[in-house]
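Data first, discussion second: the structure below is written as C-alpha cells.
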Amino acid sequence: MNAEPAVQRRLLDLQDLDLQLDQVAHKRASLPEHQALKELTAEKSVVDRELVTADTEVSDLQREQKKADSDVEQVRQRKARNQQRIDSGQVTSPRDLENLQHEIGSLDRRISDLEDAELEVMEKLEAAEAVQTDLRTRAEAFAGRQSELETTRDAALKELDEQRAELGDKRSTVAAELPEQLLAQYQRLREHNGGIGAAPLVGKRCMGCRMELAPSDLNTIKAAAPDAVLRCEECGRILVRTSESAA
C-alpha cells in the first residue's frame, strides 16, 4: 500500500484525535458521580424499604391506640352511668345498690388494665414514630444528595459531550482526507492494538509499542520509497516516518 508522506502524517493526526475521543469516553464512563449514585441508590433502597415497614407499623399502632382509647372511654362511661344512678338515688334496693357498687369496683379494675394496655401502645407508637421520623429524615437527605450528584454528573456529561462533538467533527474532516484502504487498515489495527493503529517512528523507536527497531528493520525502512506504508515488525501497527525518524 502506498500513500503520500503528508497523508501518512495526517494519519497520526487522526490517531491523536481518536485517543482524545477514547479519553473522553473513559471520562464519561468513570465519572465519580456514577459510582457515588450507584452506592447512594443502594443505600436509599434499604432506607425506603425500612420506611415502608415503619409506616405500616405506625399505622397499625395508631389504629391499636384508637381502639385502646375507645375501650377505656366506653368503660369509663359505663362506670359514670352507674355512679350517677347511685348518686341520684335512683337505686333503692340494697341488693341492686350492692351489685352496682360491685360492678363499679370491677369497672375500676378493668379501666386500670385498659389504661396499662393503652400506655403500652402509646409507648410503642412513640418509639415507632421516632424510627419513622429518623428514616424520613435520612430518605430526604438521600434525595437531596442524589439531586446534587445528578446535577454535577449532568454538567460534567454535558461538557464531555461538547468535547466529543468537537473532536468528532475534527476527526470526520481528517478521515475524509485519507484513502479508504489506508483508513480501513488503520481502523482494523486500532481495534486489535489497544486503540492505537498508527504510530510515529521517533529515532529508532516505534512509539506504538515503544520498542527499538532492529538495525535490519531500520535498513529496510531507509530503503523503502517515501510513499510506502510501513508496519512495525514488533507490534504490526502502521509506522509513520517523520522528521524525528532515524530512518
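The listed residues are Q84, Q35, and the only one of them that is more than 30 Å from A143 (Cβ to Cβ), of a type in the set (S, T, N, Q) and without any contact (Cβ under 8 Å) to a residue 12 or more places away in the chain turns out to be Q84. For V240, the conditions (1) among the aliphatic types (A, V, I, L, M); (2) surrounded by 14 or more Cβ atoms within 10 Å (Cβ to Cβ); (3) not in a strand (DSSP E or B) all hold with the exception of (3).
Only one entry in P215, P200 is loosely packed, with under 15 Cβ neighbours inside 10 Å and either outside the structural domain of I86 (by TED's automatic domain parsing) or modelled with pLDDT under 95 (or both), namely P215. Yes or no: the range 153-169 includes at least one residue that is surrounded by fewer than 12 Cβ atoms within 10 Å (Cβ to Cβ), assigned by TED's automatic domain parsing to the domain that holds Q35, at pLDDT 95 or above and closer than 14 Å to L14 by Cβ. Yes - at least one qualifying residue is present in the range 153-169.
Scan the range 25-40 for residues that are part of a helix (DSSP H, G or I) and loosely packed, with under 12 Cβ neighbours inside 10 Å and the total you get is 6. Among the residues making up the range 199-223, those that are part of a loop (DSSP other than H, G, I, E, B) and more than 21 Å from L183 (Cα to Cα) are K204, R210, M211, L213, A214. Go through the residues of the range 182-197 one by one and say whether even a single one is farther than 20 Å from M1 by Cα, surrounded by 13 or more Cβ atoms within 10 Å (Cβ to Cβ), out of contact with any Asp or Glu (no Cβ under 7 Å at 6 or more places or on another chain) and without any contact (Cβ under 8 Å) to a residue 24 or more places away in the chain. The answer is no; no qualifying residue exists.
The residue pairs whose first member lies in the range 93-122 and is over 23 Å from S70 (Cα atoms) and in the same structural domain as R76 (by TED's automatic domain parsing), whose second member is modelled with pLDDT under 95 and surrounded by 13 or more Cβ atoms within 10 Å (Cβ to Cβ), and whose beta carbons are closer than 7 Å, counting only pairs six or more residues apart or on different chains, are L97/I86; L97/V91.
The values are calculated or read from the model by the stated rules, or taken from the named source; none is laboratory data. This is a predicted model, so every value here is computed, not measured. Don't worry about glycine lacking a Cβ; one is built from the backbone with ideal geometry, like all the others, and counts go over all protein chains shown.
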